[in-house]
Amino acid sequence: MENKQIITIAGTAGSGKSTVAKIVAKKLGWQHFSMGDMQRDTAKRKGISLAQLGELQKRDSVIDREIDQIQESYGREKNQFVVDSRLGWYKIPN
């Protein structure tokens, strides 16, 4: 089993997760992933606003599962990265 080096940074919306994650990733020379960016990309791909995506997620768990699966795949396929995500610590394997 490969020893993964992954840092997850959690916090509420607007708490500075992305700011801290970017700084840490830069200092380590690692990649940075933001679940907020992923949410925005998902909304754009669906042709809706971020607020509309949030409302849709309340009614349709498929979107949440889609985003969770992306986080999980990062944990399986990538190494040496920093992610800002409220539940990344739980969703990313190992």
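The values are calculated or read from the model by the stated rules, or taken from the named source; none is laboratory data. Note that the structure is predicted; figures quoted are calculated from it, not measured. All Cβ positions, glycine included, derive from the backbone under ideal geometry; neighbour counts span all protein chains shown.
Within the range 1-22, count every residue that is exposed (fewer than 14 other Cβ atoms within 10 Å of the Cβ) and β-branched (V, I, T). Qualifying residue count, the range 1-22: 2.
Annotation note: Cβ proximity below 9 Å between a residue of the range 21-34 that is farther than 13 Å from N79 by Cβ and a residue that is assigned to a helix (DSSP H, G or I) and not small (G, A, S) (sequence gap 6+ or interchain) occurs for H32/K22; H32/V24; H32/K26; S34/K17; S34/K22; S34/R40. Residues considered: M35, M1. Of these, the only one that is within 17 Å of G88 (Cβ to Cβ) and modelled with pLDDT under 90 is M35.
For the subset of the range 56-92 comprising residues that are of a type in the set (G, A, S) and under 18 Å from D41 (Cα atoms), which member is nearest to the chain's Cα centre (by Cα)? Don't jump to the end; show me each part of the working.
Initially, the range 56-92 is screened for residues of a type in the set (G, A, S), giving 61, 73, 75, 85, 88.
In the following step, the residues that additionally are under 18 Å from D41 (Cα atoms) were identified as 61, 73, 85, 88.
Values: S61: 17, S73: 11, S85: 5, G88: 6 Å.
Checking each candidate, the answer is S85.
Considering each residue of the range 9-43, count those that are of a type outside the set (S, T, Y) and in a loop (DSSP other than H, G, I, E, B), and give that number. Total meeting the criteria: 7. From Q69, Q57, which residue is in contact with an Asp or Glu (Cβ under 8 Å, 6 or more places away or on another chain) and either farther than 10 Å from T8 by Cβ or surrounded by 14 or more Cβ atoms within 10 Å (Cβ to Cβ) (or both)? Step by step, each of Q69, Q57 is checked, and only Q57 is in contact with an Asp or Glu (Cβ under 8 Å, 6 or more places away or on another chain) and either farther than 10 Å from T8 by Cβ or surrounded by 14 or more Cβ atoms within 10 Å (Cβ to Cβ) (or both). Determine whether A21 is closer than 16 Å to G88 by Cβ and modelled with pLDDT of 90 or more. Criteria met by A21. In the range 23-48, which residues are small (G, A, S) and either loosely packed, with under 13 Cβ neighbours inside 10 Å or under 16 Å from V83 (Cα atoms) (or both)? A25, G29, S34, G36, G47 - these are the residues of the range 23-48 that are small (G, A, S) and either loosely packed, with under 13 Cβ neighbours inside 10 Å or under 16 Å from V83 (Cα atoms) (or both).
Being assigned to a loop (DSSP other than H, G, I, E, B), touching a Ser or Thr at 6+ places or on another chain (Cβ under 7 Å) and polar (S, T, N, Q) is the filter here, so list the residues in the range 61-94 that pass it.
Within the range 61-94, the subset assigned to a loop (DSSP other than H, G, I, E, B) is 78-80, 85-87, 92-94.
Add one more test, that the residue is touching a Ser or Thr at 6+ places or on another chain (Cβ under 7 Å), and what stays is 85, 92.
Across the range 61-94, the qualifying residue is only S85.
With respect to being modelled with pLDDT of 90 or more, loosely packed, with under 13 Cβ neighbours inside 10 Å and either assigned to a strand (DSSP E or B) or in contact with a helix residue (DSSP H, G or I) (Cβ under 9 Å, 6 or more places away or on another chain) (or both), A51 fits the description.
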